[in-house]
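The values are calculated or read from the model by the stated rules, or taken from the named source; none is laboratory data. Bear in mind that the values here come from a model prediction, so they are computed numbers and not experimental data. Cβ atoms come from the backbone with ideal geometry, glycine included; neighbour counts cover every protein chain shown.
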Amino acid sequence: MDLRNTRTTILNTGAPDDKRSEIRAYFHKTYSIDEQLYDTLADDAAFTLRAEPLRHPPIFYLGHTAVFYINKLIVARIIDERINPRFEAMFAIGVDEMSWDDLDDAHYDWPTVAEVKAYRDQVRSLVDSVIETLPLTLPIDWDNPFWAIMMGIEHQRIHLETSSVILRRMPLDRVRQLPLWDICTESGEAPRNELLPVAGGKVVLGKTRTHPLYGWDNEYGRHHFNVEDFDASRYLVSNREFLEFVEAGGYRHEQYWTDEGWRWVGFSKAQQPLFWIRDDNGYRFRTMAREISMPWNWPVEVNYLEAKAFCNWKGQQSGLPIRLPTEDEWYRLHDLHEIPDQPYWERAPGNINLEYWASSCPVNRFVFGDFYDIIGNVWQWTETPITGFTGFEVHPWYDDFSTPTFDTQHNLIKGGSWISTGNEATRDSRYAFRRHFFQHAGFRYVAAEQSVEEPEAMYETDDAVAQYCDAHFGPDKFGVSNFPVQLAQICLADMGGRPKRRALDLGCAVGRASFELARQFALVTGVDFSARFIRIAHQLQDKGVIHYQLPEEGEIVSFHEKRLAEFGLEGLGDRIEFVQGDAHNLKAQFTGYDLVLAANLLDRLYDPARFLAMIHERINPGGLLVIASPYTWLEEFTKKSHWVGGIRRAGEPFTTLQGLDDQLASHFCRLGEPRDVEFVLRETARKFQHTVSQLTVWEKTS
């Protein structure tokens, strides 16, 4: 089985049985090469060594790619039983250093490598069975159940790349060079770089839903832009060319750096690129598992901040408007050369898709007309912070893939690297990282007069998120008081003289109730399944302000800004932690609460009975559980067999309140009678949803 040269699957042609076999083979090749990447680690102890401070140790990623399949198959309602709930919480989230990711090692009692590998075997067997038995019709589009399978496979291929970067940070005695990951042996002096003209023209980006290949949600929609003529460097910047910047004192002179970049230099104490190792004779170079003589004609690998500083220095030296290319300029250069796309090429036209080496190679090895390395070798940083194209929609099965990066802090990288496979090796792929992050990424520079649009404070355009921003922080509507404020006030009143040490706000959305509870609680944990909501809550916590737009009528929208200070909530951020999580399957550390608030959550859970059966484990004796729900049971969210109420038993109506009484009686006593709490959601200036939620309060007795 050739693991080093595979192609992503074409999803709109062929016979169903053949396509099933093709996807099954693609899955197993992906799973196998993912596992063989970790064979590079010298021993089991290396799996828990955290060599990259902004990411988890390798044991997390060994579990994460398997857990992802289970979590997405559950969200897509293809399966309804977990294999290992503990693993599927522990290994779920923590890949990019989003501020709500939990990278605190104190929270983790990592399992053994053998336990994780045994779990991976279980997942592999289950997914194989799903592929074999799931009904398959063509084309496979993003509403098709097989899209969830492709999502897992392509996600796993992303982690070939990100995990290989982590392995590259490991001490040399904790990794070993294996034949599967042989590196390029070609090296020498670098060619002299030069600027060459690129004719401007129109760039059209964005897939349609009928595109034949798998895509992440940020690839869809439409984008048009007219690129003006510009010049671009013939080669990627080599190690030798970047040495000129280092020897000119580039890391010592603030004038070349952005404010963000100079702060990073001060924090990191960087004096040269990360993968350069200084010795008595100059520099050596770190590959994934070896340290070699410096290959001066290989591309330099740096973060965006270093690439930007080099461009500023180069511009001052040359008197030219040197900068990084924009996403549009990169596509213009790419499209002028009619480069075949993966999976359609016969052999990779560049050092990409693992078809050559498990490392970079000389910058003058792969030619594209007058240029080199338009794709492959290393990713290329751009000036463009990622955002969605016009018509962007979040995929409901993976809402935290793209939107958390739409924060103006994540810049696009283009072109792929030697280990970019699957979707990453296609023209339309759009990946972005924080500007101080390291990937197998370098850059080429351009001389361009066309201005780069500066990222602006974003107005949240996601309809559901903006709607909740307005519901939590907008004006009252039709005399109905703010719903999360009402809930928090009821909770605080019913707590009476009970301790107010820790509160858990489940289904916190954009966080208003969490902030209100923090007025009296020492610590509040806000949890929501949606990264789209958590991102806004954290932005409020971090910056104290949110921006969102609301539909008025037709294409007319209004723009809104809300600050915590308007509500007397400033200064409470250090009492709150916002976490993306599954209420059914919270990590073990989320326990010991004096109050748990579950607001409009119950009838949106896929297994509410499981939630009700286990929530007592999170609450201190004498603590309160507060449930508010309109009991809007829909099979879209919860199978009818899992409804807590709203059904008939023996021909008689059985209400959700009766179901709560039954399911909570073992550990709770209901306090008082249910209360009705109204809430209003604004859809447009003249259309609103008015709903009544029933609130019950339960005291933990055992």
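Points worth noting:
- Restricted to strands (runs of 3 or more DSSP E) entirely inside the stretch 647-702, those with at least 2 residues that are under 39 Å from the mean Cα position of the chain (by Cα) and either at pLDDT 95 or above or surrounded by fewer than 14 Cβ atoms within 10 Å (Cβ to Cβ) (or both) are 668-684, 687-700.
- Search result, residues across the stretch 36-48 that are crowded, with 17+ Cβ neighbours inside 10 Å and not polar (S, T, N, Q): Leu37, Tyr38, Leu41, Ala46, Phe47
- From the list Ile627, Ile615, the lone residue that is outside any strand (DSSP E or B), of a type in the set (Val, Ile, Thr) and under 24 Å from Leu660 (Cα atoms) is Ile615.
- In summary, Val67 fulfils each of the numbered conditions (1) at pLDDT 95 or above; (2) of a type outside the set (Lys, Arg); (3) crowded, with 18+ Cβ neighbours inside 10 Å; (4) assigned to a loop (DSSP other than H, G, I, E, B) with the single exception of condition (4).
- Condition check for Glu244: in contact (Cβ under 8 Å) with a residue 12 or more places away in the chain, in contact with a helix residue (DSSP H, G or I) (Cβ under 9 Å, 6 or more places away or on another chain) and either buried (at least 18 other Cβ atoms within 10 Å of the Cβ) or in a helix (DSSP H, G or I) (or both): no
- On the stretch given as the stretch 368-395, residues that are among the hydroxyl-bearing types (Ser, Thr, Tyr) and in contact with a Ser or Thr (Cβ under 7 Å, 6 or more places away or on another chain) total 2.
- Options Ala425, Ala448, Ala471, Ala466: the member that is of a type in the set (A, V, I, L, M, F, W, C) and closer than 30 Å to Pro321 by Cβ: Ala448
- In the stretch 501-513, the residues that are assigned to a loop (DSSP other than H, G, I, E, B) and crowded, with 19+ Cβ neighbours inside 10 Å: Gly507, Cys508, Ala509, Val510, Gly511
- Long-range neighbours under 6 Å by Cβ, at least six apart or interchain, first residue more than 17 Å from Thr162 (Cβ to Cβ) within the stretch 409-428, second among the acidic types (Asp, Glu): Thr426/Asp341; Arg427/Asp341; Asp428/Glu219
- Boolean, Gln255 is surrounded by fewer than 16 Cβ atoms within 10 Å (Cβ to Cβ), in a helix (DSSP H, G or I) and at negative phi: yes
- Where a residue in the stretch 543-560 is at positive phi and its partner, wherever it lies, is modelled with pLDDT of 90 or more and part of a strand (DSSP E or B), with Cβ under 8 Å and at least six apart: Gly544/Arg563
- Residues of the stretch 388-431 satisfying the condition of being under 30 Å from Ile79 (Cα atoms), in a loop (DSSP other than H, G, I, E, B) and not polar (S, T, N, Q): Phe392, Glu393, Val394, His395, Pro396, Trp397, Tyr398, Asp399, Asp400, Phe401, Arg430
- Options Glu35, Glu52; residue that is closer than 23 Å to Gln177 by Cβ, in a loop (DSSP other than H, G, I, E, B) and not polar (S, T, N, Q): Glu52
- If the condition is being assigned to a strand (DSSP E or B) and either exposed (fewer than 13 other Cβ atoms within 10 Å of the Cβ) or modelled with pLDDT under 90 (or both), then the stretch 546-594 contributes Ile546, His547, Tyr548, Gln549, Glu552, Glu553, Ile556, Val557, Ser558, Phe559, His560, Glu561.
- Test for Asn297: is it outside any loop (DSSP other than H, G, I, E, B) and either modelled with pLDDT under 95 or surrounded by 15 or more Cβ atoms within 10 Å (Cβ to Cβ) (or both): no
- The conditions of being surrounded by fewer than 21 Cβ atoms within 10 Å (Cβ to Cβ) and either within 23 Å of Asn218 (Cβ to Cβ) or among the acidic types (Asp, Glu) (or both) are not met by Glu516.
- Taking first residues from the stretch 164-180 that are of a type in the set (S, T, N, Q) and partners that are in a loop (DSSP other than H, G, I, E, B), the Cβ contacts under 7 Å between residues at least 6 apart in sequence or on separate chains come to Ser164/Met288; Ser164/Ile419; Gln177/Ala289; Gln177/Arg290.
- Filter result for Lys29 (among the basic types (Lys, Arg), crowded, with 18+ Cβ neighbours inside 10 Å and either farther than 23 Å from Asp141 by Cβ or without any contact (Cβ under 8 Å) to a residue 40 or more places away in the chain (or both)): yes
- Tyr331 being in contact (Cβ under 8 Å) with a residue 24 or more places away in the chain and closer than 26 Å to Thr384 by Cα: yes
- Positions within the stretch 176-199 being farther than 23 Å from Phe242 by Cα, within 33 Å of the chain's Cα centre (by Cα) and not aromatic (Phe, Trp, Tyr), in sequence order: Arg176, Gln177, Leu178, Pro179, Leu180, Asp182
- In the stretch 382-401, the residue that is surrounded by the fewest Cβ atoms within 10 Å (Cβ to Cβ) out of those that are touching a Lys or Arg at 6+ places or on another chain (Cβ under 8 Å) and within 21 Å of Arg435 (Cβ to Cβ) is Asp400.
- Residue count for the stretch 180-237, restricted to those that are outside any strand (DSSP E or B), farther than 21 Å from Asn312 by Cα, among the charged types (D, E, K, R) and in contact with a strand residue (DSSP E or B) (Cβ under 6 Å, 6 or more places away or on another chain): 1.
- Scanning the stretch 327-353 for residues that are assigned to a loop (DSSP other than H, G, I, E, B), crowded, with 23+ Cβ neighbours inside 10 Å and not hydrophobic (A, V, I, L, M, F, W, C) yields Gln342, Gly350, Asn351, Asn353.
- Checking each residue of the stretch 137-158 against the condition of being part of a strand (DSSP E or B), modelled with pLDDT of 95 or more and under 25 Å from the mean Cα position of the chain (by Cα) gives no match.
- Ile419 of a type outside the set (Lys, Arg), in contact with a His (Cβ under 6 Å, 6 or more places away or on another chain) and crowded, with 23+ Cβ neighbours inside 10 Å: no
Residue by residue, here is whether (1) assigned by TED's automatic domain parsing to the domain that holds Ala531; (2) charged (D, E, K, R); (3) within 27 Å of Lys543 (Cα to Cα) holds:
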position	(1), (2), (3)
Arg563	yes, yes, yes
Ile576	yes, no, yes
Val579	yes, no, yes
Phe590	yes, no, yes
Glu636	yes, yes, no
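- Checking every residue in the stretch 599-607 against the condition of being aliphatic (A, V, I, L, M), under 30 Å from the mean Cα position of the chain (by Cα) and assigned to a strand (DSSP E or B) gives at least one match.
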